[in-house]
Amino acid sequence: MKIFVTGASGFIGSAVVEELITAGHQVVGLARSEVSAEAISNTGAEPLMGSLEDLEILKQGALQADGVIHTAFIHDFTQFAKASDVDKAAIYALGEALKGTNKPLIVTAGILGLFKTGEFITEASISQHGPRGSEVAALTLAAEGINASVVRLPPSVHGKGDKGFVPFIIGQAKKNGVSAYPNDGSNRWPAVHRFDAAKVFRLAIEKSQKGALYNAIGDQGVSVKNIAEFIGKKLNLPVVSVSNEKIAQHFEWMSGFIGFDSPATALQTQQQLSWQPRELNLLQDMDENYF
């Protein structure tokens, strides 16, 4: 297949591109700069210059491909609402280009904020008022007959080169001289290695199923307190609980995310895609690559 990938030079997208090319697919990657274009070319993919806000370029990439994987997102969490609006507009533009075809569109969404089905977030958990609107946008397209499905990622997609939530938590521990967790720290975060997540994206587009929801989950739930204790041990810093009024002070923009309790499973995803996580878990990866 010829697959158009947004976010192709990013932390997750580059792993997806590598996975697709290794499996024999042809890849066109959206590149917002010459540096991104060079990185995409170096993987063996073809760059297409443009950004998430260039809707006509997005449509062009989708029209010329056999399927689309949308991993791009503007990771400015100080302007999260704006980033989410740009994301939704991009998804609808991609969907418009694919209307009337059966070409698959795989959209990236998040686990945080979903309602639990019993003890865990499962594939049956539906996003209604989550912090990111990509899942709702994709399912809206599927209801309109477009072959759209969703890969949900946990808050920690980890691996060498990670610039996400966990490195930020480590940075705040260094900055403030303590490794902190909110309240009793019992809330849990799922995690997945970027290479395991990349396989979910590949399998999702190869076995495309309209309206499907896939959970890319390795660790079902690591308590935020355990993460803080591990960081404290590695940095030789005291580990402390911070109460509600101090959470924003320590975690800054991340204070809106740090308190989510979002343990998740991927049992249905494993069955539907014949997928199993194989890489290091979060704490193993932190131990080897984060300090």
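Only the coordinates and a few stated rules stand behind these numbers; no lab work does. Predicted, not measured: the structure shown is a model, and the values here were computed from it. As a convention, Cβ positions derive from the backbone with ideal geometry for all residues, glycine included, and neighbour counts pool all protein chains shown.
Would you please classify the overall shape of region 189-232 from the alpha carbon gyration tensor, given that a ≥ b ≥ c denote the square roots of the eigenvalues, rounded means a/c under 1.5, and beyond that prolate means a/b larger than b/c while oblate covers the rest?
Cα axes put region 189-232 in the prolate bin.
I need to check one value: relative contact order of region 196-291, counting alpha carbon pairs closer than 8 Å and at least 6 residues apart, in percent.
44 percent
Using amide H atoms built in the peptide plane, which far-off residues or other-chain residues are under 5 Å from residue 69 H to H?
Hits under the 5 Å cutoff: 4, 5, 6, 106.
Using Cα positions and a limit of under 14 Å, work out the aspartates and glutamates in reach of residue 175, with same-chain residues fewer than 8 apart set aside.
252
On a straight-distance basis, which lysines could pair with residue 88 in a cross-link, Cα separation under 22 angstrom, same-chain partners fewer than 8 positions away excluded?
The reachable lysines, counting only those whose Cα sits under 22 Å from residue 88, are 59, 99, 103, 210.
How far is helix 11-22 tilted, in degrees, relative to the longest principal axis of the Cα atoms in the chain, given as a value from 0 to 90 rounded to the nearest 10?
Taking Cα atoms only, the helix is inclined about 50 degrees.
Quick one: which residues, 5 or more positions from residue 123 or on another chain, have an amide H under 5 Å from its amide H? H modelled 1.01 Å from N in the peptide plane, none for Pro or chain starts.
Residues meeting the amide H criterion: 268.
Within the chain, what's the longest run with no GluC sites (Glu not before Pro) in a DSSP loop and at most 13 other beta-carbon atoms within 10 Å? Give the range, please.
My reading of the result: 145-291 is the longest stretch.
Non-local amide H neighbours of residue 158 (under 5 Å, H modeled in plane, Pro and chain starts lacking H): which ones?
Close amide H contacts, sequence-distant or interchain: 192, 193, 194.
Can you pull out the trypsin sites (Lys or Arg not before Pro) in region 155-185 whose DSSP state is coil and whose Cβ has at most 11 other Cβ atoms within 10 Å?
Those satisfying the criteria are 160, 163.
Under the rule a/c < 1.5 gives rounded, and otherwise a/b versus b/c splits prolate from oblate, where does region 63-151 land using the Cα gyration tensor?
Taking the square roots of the gyration eigenvalues as a ≥ b ≥ c, region 63-151 is oblate.
Express the relative contact order of the chain as a whole percentage, based on alpha carbon pairs under 8 Å and six or more residues apart in sequence.
18 percent
Given Cβ point charges of +1 (Lys, Arg) and -1 (Asp, Glu) and nothing else, what value in debye, to the nearest 20, does the dipole of the chain about its Cα centre take?
Working: 25 positive and 30 negative charges, 54 e Å.
The dipole of the chain has a size of about 260 debye.
Check the straight Cα-Cα distances from residue 199 and name the lysines below 18 Å, setting aside those fewer than 8 residues away within the same chain.
2, 160, 207
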